[in-house]
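A quick write-up on the structure given underneath.
The values are calculated or read from the model by the stated rules, or taken from the named source; none is laboratory data. Quick caveat: nothing in here was measured; it's all calculated off a predicted structure. Positions of Cβ are backbone-derived with ideal geometry, glycine not excepted, and every protein chain shown enters the neighbour counts.
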Amino acid sequence: MNYNILRSRSRCNASWCAVTYEYYFDKDQTVWSSLAGGRTPDWENVIVFVKGDEAEKVATSCHGKYDSSTDSPRLGSDTHPKVIYHENGGDTRCMRMANEGDDVENSTEDWVTSPLVG
């Protein structure tokens, strides 16, 4: 989490816009501060479908696949969907939508908004 890059791009059609957030992580690992396990580097994506000023749908990636999406994303105190960089078993992590009872799953112990490039 401390060493990631976030890029975004968007495309609009009719009344919908899709905003893709592409996260690059130096190392995809499940044990923080460990050299064991995981792989390097890792890209994971979040696509937010916006209608008007509202985030209506969100899809998250897991190693290039978009097997999970929601029509009712959990939003933070503002209009940003809450997404977790989650341990998905084995020695890697993926993006997923935050559930109501979720705690933060990173070494900062806080929700992180990555700096945006582009």
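Of note:
- Within segment 40-69, tally of residues that are more than 23 Å from SER15 (Cα to Cα) and part of a loop (DSSP other than H, G, I, E, B): 4
- Residue that is surrounded by the most Cβ atoms within 10 Å (Cβ to Cβ) [pool: residues in segment 85-118 that are modelled with pLDDT under 80 and in a strand (DSSP E or B)]: ARG93
- Hits in segment 39-53 - residues which are among the charged types (D, E, K, R) and either surrounded by 14 or more Cβ atoms within 10 Å (Cβ to Cβ) or at pLDDT below 85 (or both): ARG39, ASP42, GLU44, ASP53
- Restricting segment 13-30 to residues that are hydrophobic (A, V, I, L, M, F, W, C) and at pLDDT 90 or above, the residue that is farthest from ILE47 (Cα to Cα): ALA14
- Condition met for SER72 (exposed (fewer than 15 other Cβ atoms within 10 Å of the Cβ), among the hydroxyl-bearing types (Ser, Thr, Tyr), at pLDDT 70 or above and part of a loop (DSSP other than H, G, I, E, B)): yes
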